[in-house]
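Below is one structure, written out as C-alpha cells, with a few remarks after it.
Every number in this text was worked out from the coordinates using simple rules, so none of it is lab data. For clarity, every value in this text was computed on a predicted model and none was experimentally measured. Cβ sites come from the backbone with ideal geometry, for glycine too, and all protein chains shown count toward neighbours.
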Amino acid sequence: MRHQLPPARSTRLLAAGLAAGLLLAGCSAATSSGGSGGSGGSGGSKGGGSTTLSYLTFETPSLTTSFWNTSIADGEKAVPGLTIKKLVAPSTDRDAYAKQLQASGQFPDLLQSITPSTFVQAGLLKPYDQSWVDANFLLPMGNAYKGKVYIPPTNSQIIPMVFYNKTLFAKAGLSQPPKTWADFMADCAALKKAGITPIELGGGDPFSASMPLTGILSADVLGKDPNWLQERYAGKVKFTDANVETAVAKYRTMAKNGYFEDGALGVKYADSITNFTSGKAAMYMMGSWFLGSVPKDHADDFGAFMTPTDDGSLVVPFAVGGSMAISAKTPAPDKATAFAEAWSLDPANYKALIEGDGAFPMLKGKTLADYNVNVSQVFKDSYAYVTNQNTKVSSIGWASNDDAMPSGLNDAYYAASQALFASDDVAGQMAKLDSAWNTATK
C-alpha cells in the first residue's frame with residue numbers, strides 16, 4: 001500500500017490523494033489501567049492483562065475511516081488483550097509526521113506505509129522474522145533494506161503506468177498504444193493536431209508533477225543500469241551525467257511541445273484524475289493506484305502501457321509496497337508483531353486495497369479470484385506486468401528498499417520536475433539534485 005509513500009505505497013505509496021488536515025487528536029500518550037509507556041510514550045500501555053498500542057495510519061478517498069476502523073477491529077480479534085489506538089497522519093508526508101511524533105516522545109508502536117530506511121538508520125524499527133516473510137509473500141526481499149524486511153511486501157505498484165483513453169486515440173486515428181519513444185511522440189503530435197490534449201498532468205501537487213520524469217528516468221536510466229541508485233550512493237554516477245540529462249530532456253521536450261494541458265502546473269492531483277476520467281486528455285502518467293479510480297461504467301474505454309523506450313524494450317518501474325512497520329521501542333513486541341502479521345494477511349484488507357487503491361497483491365498461492373474482487377480488464381492487464389517475466393527496475397523516488405533515495409531528496413526531485421516544466425535548464429536542475437544528494441548523504 002504505497003501511496004508511498006509512499007502506501008511506502010503508499011508510502012509517499014499512496015501519498016496520492018491523502019486528505020490534508022486530518023484529525024490529530026489522540027497523538028498524546030494513550031493510557032489504560034496500570035500505567036503508560038510505549039515507544040517513547042507513544043501510547044503502549046499494559047495493565048490488568050491488557051495492552052494498548054498506537055498505530056499510525058492515513059486516509060484517502062478509498063482507504064477511509066471506516067476501512068481503518070474495521071481492519072483494526074479484525075486485527076484486534078486475532079490478538080487477545082490488545083487495544084489499538086489509531087493515529088491519523090495529517091498530510092501526505094507520513095515520514096515527516098512520524099519524525100514529529102518521535103521528536104515529541106510519541107513514536108507509534110505500529111506505522112503504516114512509511115519509508116523503512118528513514119527510521120531503520122535511527123534504530124527505530126524491528127524487522128520481521130524472515131521465515132514468516134518467505135512463507136507468505138511472492139517477493140520476500142522485494143522491499144528489504146540492508147538484508148532485512150521491516151514492512152511485509154504485501155502489495156506492489158507500477159509507478160508510473162501510461163493510462164490511455166481508447167476512444168480519444170481512435171478519434172486521432174490511433175489504433176494501438178505506442179511501442180517506442182518515437183511512436184509516443186508521434187502519437188502526442190497526432191492527438192494535439194486532432195484538438196485533443198495528449199497528456200493530463202496534475203502539476204499542482206509536486207509528487208504528481210514528477211510522474212512523467214519518473215517514468216522516463218526509470219525506463220531510460222535504470223532500465224539500462226538497474227544498479228544506478230546504488231552507484232549514486234557510491235559516487236560512481238551523477239544526475240549531471242550525459243545519459244541522465246538526455247533522458248530528462250525528453251520530459252522538457254514534452255512540456256515545450258505543449259503535450260500537457262494548459263496551466264498544468266496549477267492542476268491539483270485530485271482534479272487531474274477527474275480531468276482524465278471525464279475525457280479531457282488522452283493519456284495520464286500515474287502510479288497504478290489510479291486503477292482504483294477507473295470509472296466502472298466505462299472501464300473498457302481505458303488501457304495502459306509502460307513508458308516507451310527508444311528501442312521499444314519493455315521496462316517496468318516497480319515498487320514493492322508493504323503494510324505495517326513495528327517500532328523497535330514498543331513495550332509489547334510480541335503483540336505488536338502478532339497484530340501486524342494478522343493485518344498483513346487479512347483477505348478483507350486486500351479486497352479493499354485491490355478494488356479501491358489499485359494494489360497488486362503479493363501473497364503466495366493466490367489468484368485475483370481468491371480475493372473475491374471485482375476489477376476491470378485494464379486492472380487484469382496491468383497486473384500481468386507484475387506476474388509476467390519482464391525487466392523490472394525500481395521506480396526512482398518510490399523504492400522502499402536499498403534503492404530508496406536519501407531522506408529529503410524526493411522534495412528536491414519534485415521541485416526539479418516542476419521547474420523543468422517551464423525551464424530549459426536541464427543541466428542546472430540536475431546539478432541541484434546532485435548537490436541535494438551530497439548534502440543528504442553526508
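Here are a few things to note about the model shown:
- For the stretch 83-208, size of Cβ-based charge dipole, Lys and Arg +1, Asp and Glu -1, in debye: 140 debye
- Out of every Cα-Cα pair that the chain contains, those further apart than 35 angstrom amount to 27 percent.
- Order by protection proxy (mean Cβ within 10 Å, highest first), peptides 308-316, 269-277, 282-290, 129-137: 282-290, 269-277, 308-316, 129-137
- Basic side chains Lys and Arg get +1 at the Cβ, acidic Asp and Glu get -1 at the Cβ, and with that the dipole of the stretch 176-247 about its Cα centre reaches some 80 debye.
- Positive dipole terminus of the chain, leading residue within Leu213, Val378, Trp289 (C-beta point charges): Trp289
- Taken about its Cα centre, the chain carries a charge dipole of about 560 debye when Lys and Arg each add +1 at the Cβ and Asp and Glu each add -1 at the Cβ.
- For the stretch 107-158, the pair-distance distribution built from all alpha carbon pairs, in bins 10 Å wide starting at 0, is 24, 56, 20, 0 percent.
- Mean separation of Cα pairs under 8 Å and 6 or more residues apart, divided by the residue count, gives the stretch 263-363 a relative contact order of 30 percent.
- Distance between the C-alpha centres of the stretch 313-382 and the stretch 90-131: 19 Å, rounded to the whole angstrom.
- Relative packing of 424-433, 105-114, which averages over residues the other C-beta atoms within 10 Å, highest first: 105-114, 424-433
- Neighbour-count ranking [beta-carbon atoms within 10 angstrom, fewest first] of Ser400, Ser175, Ser278, Ser62: Ser175, Ser278, Ser62, Ser400
- Each of Thr367, Phe339, Leu353 was scored by the projection of its Cα onto the charge dipole of the stretch 324-375, and the greatest displacement toward the positive side belongs to Phe339; charges sit on the C-beta of Lys, Arg, Asp and Glu.
- Two-decimal Rg/Rh across the stretch 307-442, once Rg and the Kirkwood Rh are taken from alpha-carbon atoms: 1.05
- In terms of its Cα atoms, the stretch 62-212 spans 63, 34, 32 Å along the principal axes, sorted from long to short.
- Separation of the stretch 411-442 and the stretch 137-171, taken as the distance between their Cα centroids, equals 25 angstrom.
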